Amino acid sequence: MSTDTFLGTDWHGSIFTGAWSPGGGETYPVVEPATGQTLAEIGAASADDVYAAAARAASAQKQWGRTTPAEKAAVLRRAGDLWAEHAAEIGEWIVRESGAIQPKADLETTMATQICFESASLPSHPKGEVLPSNEPRWSFSRRLPAGVVSVIAPFNFPLILSIRSVAPALALGNAVLLKPDPRTAVSGGVTLARIFAEAGLPEGLLQVLPGGRDVGEAVVDAPEVSVISFTGSTAAGRKVGEAAGRLLKRCHLELGGNNALIVLPGADLAAATSAGAFGSWMHQGQICMTTGRHLVHDSLYDDYVGALSERARNLPVGNPAAEEVALGPIIDEGQRRRVRDIIDKAQADGARLAAGGAGEGAFVPPTVLADLTPTNPAWTQEIFGPVAPVGRFSTLEEAAELVNASEYGLSLGILGDVGMALELADLVDTGKVHINEQTVSDEANVPFGGMKDSGNGSRFGGAQANIEAFTETQWVTMRPEIAAYPF
């Protein structure tokens, strides 16, 4: 690893509860997916660790919630500077721990900086309104910190998908319990603990608790926790949402997607296949916004399949820490088996393998599947791998029906005539629409979320969404004198 020692080694075999210390769970190796090499050992929390951490967080939050807006903003701004300052070392961990290529790692550290800077404005953002009243009194509402927020983050964009909840939650006066995915607990956990400690965040407000299912259940169950922010699969999100619902806790869910890219008649073929290639194969397709279905007009279909397949054959695949490649490894053996199984089942169901295939070892090459029916497993499922299923349509209404037939509704890309694209956008159920762009897109200041099985709405990004997500509304009235009552 890097000779830069900003992250240090005190986190080895430990969890972060204001300081690094052994957790109640067994330590486990941090494994590089491209090589199988153990990069370090990290600690795991137990459920008891979580309950103790929640109590400490609730105690620390009381003072933090009363801290001035300027003090909170200063911590967030300093954190933003630190992400930029230490981007090289943190980026190296993202490459080796998550299998990312360097530009993807650069995107994560850049977004972390931007998210912290955006969050720095939240403490001074208006958080209330004066309300009309039929009584002789002042009536107004105000937003207060929710208290303790649990953040459960996935492996694929470990830094972005942690910091986008952690930073605004802290900025709005909350304490945070962060459970990173065990496969990327350095990129998505250790780095945040180190950055925010260096930025001056008071002890106890951010606690990093890697672990398995018992830890995930505990960060939802802990009595002090009032809000859960979860990013991950729809199956796991349902369980988290059900558990939170039984406890009457708010739960913000950003889940899976089977996103469509629609190529309209007359679209530029070279530009369209470039967009389609990026949308399906960026980070090996391990993105909730990945282009999971290419819907191409009949007039372009054959040429599109041919051109996209040619792009697939020319994209290098390998270890991004050792060579310049376009695609790195799939995160682990379980996910590799799943991707390969879907490719096999798709062909057994009649799909044509136009490029790529199962691959070997840790790597699956960029793959194009053509001539799929709407019931083919590669068409209906979220693959989370570098597979581009290509189908066809003849009318806008047919394209809209094919998009809406999916249980997911996260992101949609439409390539070609803008007027036709706007007409089509009105016909589909999706949280995001990108005209003349592919499906993978995000910024620090925009609302992010999906419909249907992709989650319960835009609860991430942008001041309005963050304030709604991480604060509670309180109604306050005030009279000049004690009111008269009939009793």
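Calculate one ³J(HN,Hα) per residue across the stretch 470-477 by plugging θ = phi - 60° into the Karplus curve 6.51 cos²θ - 1.76 cosθ + 1.60, and present them in order as whole Hz with x for glycine and proline.
Rounded to whole hertz, the list is 10, 10, 10, 8, 10, 8, 10, 10.
Can you give the relative contact order of the chain as a percent, counting alpha carbon pairs under 8 Å and 6+ residues apart?
Numbers: 1150 pairs, mean separation 80.6, N = 487.
With pairs under 8 Å counted, the relative contact order is 17 percent.
Just list whichever of K179/K432; K72/K179; K239/K432 have alpha carbons separated by over 31 Å in the model shown.
none
Provide the per residue accessible area, probe 1.4 Å, for the chain, rounded to a whole number of square angstrom.
Using a 1.4 Å probe on heavy atoms only, each residue of the chain averages 40 Å².
Please state, as a whole number in µm²/s, the translational diffusion coefficient that the Stokes-Einstein equation yields for the stretch 86-177 at 4 °C and 1.567 mPa s, with Rh defined as the Kirkwood radius across alpha carbon pairs.
Details: Rh = 15.5 Å.
Rounded to a whole number, D works out at 84 µm²/s.
Quantify how much of the Cα-Cα distance distribution of the stretch 259-435 extends past 30 Å, in percent.
It works out to 12 percent of all Cα pairs.
Nearest-5 percent of antiparallel DSSP beta bridges in the chain?
On the way: 28 of 68 bridges.
So the antiparallel bridges amount to about 40 percent of the total.
Would you kindly work out the equivalent ellipsoid of the stretch 124-174 from its C-alpha gyration tensor and give its semi-axes, the square roots of five times the eigenvalues, largest first in whole Å? Don't jump to the answer; show the numbers that get you there.
On the way: eigenvalues 252, 18, 15 Å².
Listed largest to smallest, the semi-axes of the stretch 124-174 are 35, 10, 9 Å.
List the residues of the stretch 457-487 whose backbone N lies under 11 Å from a point placed 7 Å from the Cα of S139 along the Cα-to-Cβ direction.
Inside the label zone: 476-478.
If I histogram all Cα-Cα distances within the stretch 341-487 using bins 5 Å wide from 0, what percent of pairs lands in each bin?
2, 8, 13, 15, 15, 13, 10, 6, 4, 3, 2, 2, 2, 2, 2, 1, 0
Translational diffusion coefficient of the stretch 335-399 at 25 °C, 0.890 mPa s, Stokes-Einstein with Kirkwood Rh over Cα pairs, in µm²/s as a whole number.
204 µm²/s
How big is the gap, in Å, between the Cα center of the stretch 393-419 and the Cα center of the stretch 1-72?
With the stretch 393-419 and the stretch 1-72 each reduced to a Cα centre, they are spaced 43 Å.
Please report the antiparallel percentage of DSSP beta bridges with both residues in the stretch 259-435, rounded to the nearest 5.
For the stretch 259-435, the DSSP antiparallel bridge percentage is about 15.
Mind putting together the pair-distance distribution for the stretch 191-324? All Cα pairs, 10 Å bins, whole percent per bin, short to long.
Whole-percent P(r) values from 0 Å outward: 10, 25, 23, 21, 16, 5, 0.
Using only alpha carbons, build the gyration tensor for the chain and give me the equivalent ellipsoid semi-axes, biggest first, whole Å.
Those come to 40, 29, 19 Å.
Just going by the charge dipole of the chain, with Lys and Arg at +1 and Asp and Glu at -1 on Cβ, which of H294, S226, A400 is farthest out on the positive end?
Farthest towards the positive end: S226.
Name the long-range amide H neighbours of S454: under 5 Å, sequence gap of 5 or more, or other chain; modelled H, no Pro or chain starts.
G409
Once each part is reduced to its C-alpha centroid, what is the distance from the stretch 425-487 to the stretch 147-198 in angstrom?
Centre-to-centre (Cα) distance: 20 Å.
Can you give the three extents of the C-alpha atoms in the stretch 146-190 along their principal axes, from longest to shortest, in whole Å?
Answer, in whole Å and largest first: 29, 14, 14 Å.
Over 10 Å intervals from 0, what percent of Cα-Cα pairs in the stretch 1-142 sits in each interval?
10, 23, 31, 21, 7, 5, 2, 0
Convert each backbone phi in the stretch 155-161 into a coupling constant with the Karplus relation 6.51 cos²θ - 1.76 cosθ + 1.60 (shift: θ = phi - 60°), then list the ³J(HN,Hα) values in order as whole Hz, x for Gly and Pro.
Here the 3J(HN,Hα) series is 8, 6, 10, x, 7, 4, 7 Hz.
Determine the share of the chain's accessible area contributed by carbon and sulfur atoms, expressed in whole percent, with a 1.4 angstrom probe.
The C+S portion of the solvent-accessible surface of the chain is 52 percent.
The values are calculated or read from the model by the stated rules, or taken from the named source; none is laboratory data. Note that the structure is a prediction, hence the values are computed from the model and not measured. Because the Cβ atoms are built from the backbone with ideal geometry, glycine has one as well, and the counts that use them run over all protein chains shown. In case anyone asks, the SASA skips ligands and DNA or RNA and just uses the protein heavy atoms, side chains included. Shrake-Rupley method; radii C 1.70, N 1.55, O 1.52, S 1.80 Å.
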